[in-house]
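Q: Input: one structure, supplied below.
The values are calculated or read from the model by the stated rules, or taken from the named source; none is laboratory data. Since we're looking at a predicted model, the values are computed, not measured. Positions of Cβ are backbone-derived with ideal geometry, glycine not excepted, and every protein chain shown enters the neighbour counts. What goes into the accessible areas is simple: the full protein's heavy atoms, side chains included, and nothing from ligands, DNA or RNA. Shrake-Rupley method; radii C 1.70, N 1.55, O 1.52, S 1.80 Å.
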Amino acid sequence: MPPPAPPQHSQPGPGAAPYPPPGGRPQQPPQQGYAHPAAPQGGQQPPAFGQQPPPFGQQQAPAPGQVPGQPPFPGGPVVPPYAGGPGQPAGSARGGLPVPLILVIVLVVLIATGVGGYFVLTGDDSSAPAADRPANAMPRLWEAPSPLSQREGQDENGLRSMWFNNDDVIYGDGEGVRAYDRKTGKKKWTVRTPKGAGEVCAMSKQPSQDGVGAVVFDAGGDDCSYLSVVDTDTGRTLWSKNLQDDSGAEHRPRVVVNQKVVAVTIGTTYAGFSVSGGATAWRLTSRGHLCTNSVGLSPQYLAVMSNCPDEKPKAQLALQDLEYPGIHSKVTGEKRPIEQILSDLPLTLVMQDGSSVDPGRFLQTYTKEGRPDHSFKLDGELKDLDFDSRSTYVDEDEQVLVAQYGANKGLAAVDLRTGKLLWKKRGSVATAGVDSDGLIAVTNSPDSGASARDPLLLSIGVRDGKEKVKGAVYDPQHSLPAPDAMSLAWNGNDNVLYVQGERLSDDRPSVQAFKAPVG
């Protein structure tokens, strides 16, 4: 298991796009001495992935199923049909000032310092009645506002992702992307909205190892097409691009970032841009005029499945490493459309069998050299797996995939080498990250007994599913939402759980920080 650290998940982006321009870039381990190609100069066209037939949109016949007169993949990727502090008594304070007046003064000071409309430093909620407070309640360090966004239901976008730098936790909501000091909850900075842009639509699941994150804003008309790349230490915008086009409004943009490239699927733009400066590194083009394509995107890989009646081979899967373009592979004869990439290590795809009636799904893994490894159909009990972007995790060492399971938003684990279901949990369970103890999760339905009044923080063995309770995620009103309605992040360096959600007692959305015990 990896050492305690902020989670570094691969991004299982929303389902494959039916059907953008292909010519993909596959992945493998970095090769020493590789020099990243320089961005094109002097107006030259950026290099395209794969072969170089005419790009999408140039006098080509519509792909099968495409409406004549519309762009090859209108609207971009389409998901397949199967993504107060401790209370005080009323009266006067020691200095003679009424308590309400003191509270007003405090609120004015907080607003003046940029904390926002409300900010609650809750400490350990020690004012709660002893009989009402669980013995294993974790101290609540702080609470800060997290206004709801129109994009809140579009979880595939990763809007509710949380990033970490050395000192802060960074999250996005209806007021933009902001950083808060992890220890105090004091607001540090807000990412500046580009001129002409509106609400933030999406964030990359994680920033790069160099501390660069990607944000997509509304470019107008509910079109999520304005890309900004930011320094996660300062919130400074490094560069921005308005990728809006005439293909229609983009509602589910995909964006990933690694140390060299920011890659997006937005509208008809399937492209990678240099992290340093934003020059176009590549654009995806079709390898034929009549191709039907599907695309998977992750921080490390671009996977493109193309069926082209006018080309040889007719069916081909192209895998491309986004960080190291020299590392790529092609799998001929593969016909299954790509739904999404679940993991980079090992590379794990969800694929469809292409049937128009009750299409089945498969899990397919690949070796480091890009060769097909293990494949099995998601049938029987595996049909109930749901690959929600915030609850899916792949353990590289144990070769185990953990995902949301069943109608009650439980959790289950699958052996990626055999397709065997290792364990399942039926109650509401949400994952927060991974630590040396195993998977870190929150549930109100532990294996050890009846439903808990307050959600519990657990560590779960990845392969055996054994639970260890770390503490109760407690607030005095017992008003935290169900775990599957929370957005969670775990920082193993600090042993702190971050919970973003809407209180049941007053519908107030916030982020709260809870300190878990060590060990």
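Q: Right, Asp167: among the charged types (D, E, K, R), in contact with an Asp or Glu (Cβ under 7 Å, 6 or more places away or on another chain) and modelled with pLDDT of 75 or more or not?
A: Here the answer is yes, as Asp167 does meet what is asked.
Q: Please count how many residues of the stretch 242-269 are under 21 Å from the mean Cα position of the chain (by Cα) and either acidic (Asp, Glu) or open to solvent by 50 Å² or more (accessible area, probe 1.4 Å) (or both).
A: Of the residues in the stretch 242-269, 4 are under 21 Å from the mean Cα position of the chain (by Cα) and either acidic (Asp, Glu) or open to solvent by 50 Å² or more (accessible area, probe 1.4 Å) (or both).
Q: Which of the residues spanning the stretch 504-519 are open to solvent by 10 Å² or more (accessible area, probe 1.4 Å) and at pLDDT below 95? Write out each step before concluding.
A: Initial filter on the stretch 504-519 (open to solvent by 10 Å² or more (accessible area, probe 1.4 Å)): 504-509, 515, 517-519.
Of everything in the stretch 504-519, those that are open to solvent by 10 Å² or more (accessible area, probe 1.4 Å) and at pLDDT below 95 turn out to be Leu504, Ser505, Asp506, Asp507, Arg508, Pro509, Pro517, Val518, Gly519.
Q: Could you please let me know if Asp415 is within 23 Å of Pro446 (Cα to Cα), modelled with pLDDT of 95 or more, open to solvent by 10 Å² or more (accessible area, probe 1.4 Å) and of a type in the set (Asp, Glu)?
A: Values: within 23 Å of Pro446 (Cα to Cα): yes; modelled with pLDDT of 95 or more: yes; open to solvent by 10 Å² or more (accessible area, probe 1.4 Å): yes; of a type in the set (Asp, Glu): yes.
Yes.
Q: Consider Thr237 carefully, then state whether it is surrounded by fewer than 21 Cβ atoms within 10 Å (Cβ to Cβ) and within 21 Å of Pro299 (Cβ to Cβ).
A: For Thr237, the condition - surrounded by fewer than 21 Cβ atoms within 10 Å (Cβ to Cβ) and within 21 Å of Pro299 (Cβ to Cβ) - is met.
Q: Let me confirm something: among Leu319, Leu342, which residue is touching a Gly at 6+ places or on another chain (Cβ under 8 Å), part of a strand (DSSP E or B) and not β-branched (Val, Ile, Thr)?
A: Leu319
Q: Checking the structure you have, find out if any residue of the stretch 325-333 is at positive phi and within 25 Å of the chain's Cα centre (by Cα).
A: The answer is no; no qualifying residue exists.
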